[in-house]
1. Pick out the one residue from 45, 57 that is modelled with pLDDT of 95 or more, among the hydroxyl-bearing types (Ser, Thr, Tyr) and surrounded by 13 or more Cβ atoms within 10 Å (Cβ to Cβ).
2. Among the numbered criteria (1) closer than 15 Å to residue 44 by Cβ; (2) more than 19 Å from the chain's Cα centre (by Cα), which single criterion is violated by residue 75?
3. Taking the condition of being within 26 Å of residue 26 (Cα to Cα), in contact (Cβ under 8 Å) with a residue 24 or more places away in the chain and surrounded by 17 or more Cβ atoms within 10 Å (Cβ to Cβ), how many residues in the range 70-91 meet it?
4. Filter the range 21-42 down to the residues that are open to solvent by less than 80 Å² (accessible area, probe 1.4 Å) and at pLDDT below 85, then identify the one that is farthest from residue 108 (Cα to Cα).
5. Within the range 38-74, can you find the residues that are touching a helix residue (DSSP H, G or I) at 6+ places or on another chain (Cβ under 8 Å) and part of a helix (DSSP H, G or I)?
Amino acid sequence: MPIKISPKKILLCLLILSPAWYVAACCVFSNSRKAAFDQIQTGDTRQAVLDRFGAPTHVERAGVSFKQYSTTPCAAPCVERLWFENRLNTELEVWSLELDRHSRVVGKNYLMSS
């Protein structure tokens, strides 16, 4: 005997499950970024960072603070700070990696809003 489900019931189920799917997607994305962040070491190249994280959300140059997340600008030995936001919730967490003039990692930070 075939089961008949009305379009209204399907829509209701999707609406009820959407928040759970969103939270699960945020967790999966966050955990993959945390793993990539943990693998990055001082001295790694810019290309190694991009291979693990993909394109940065924002690139900050030395002396010009990206005020959305930092009040302190990138300063020597840092000449460039790469910002990677959690694309599913940009207010929740962000990772930054500082690069020197040789495009090598000299610092990294993880910020999470509470």
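The values are calculated or read from the model by the stated rules, or taken from the named source; none is laboratory data. As the structure is a computational prediction, the values presented were derived from the model and not from experiment. Cβ placement follows ideal geometry from the backbone for every residue including glycine, while neighbour counts extend to all protein chains displayed. All accessible areas refer to the heavy atoms of the entire protein, side chains included, with ligands and DNA or RNA removed. Shrake-Rupley method; radii C 1.70, N 1.55, O 1.52, S 1.80 Å.
1. 45
2. Just one mismatch for residue 75, condition (1).
3. Of the residues in that region, 5 qualify.
4. 24
5. Listed by number, the residues that qualify are 39, 52, 53.
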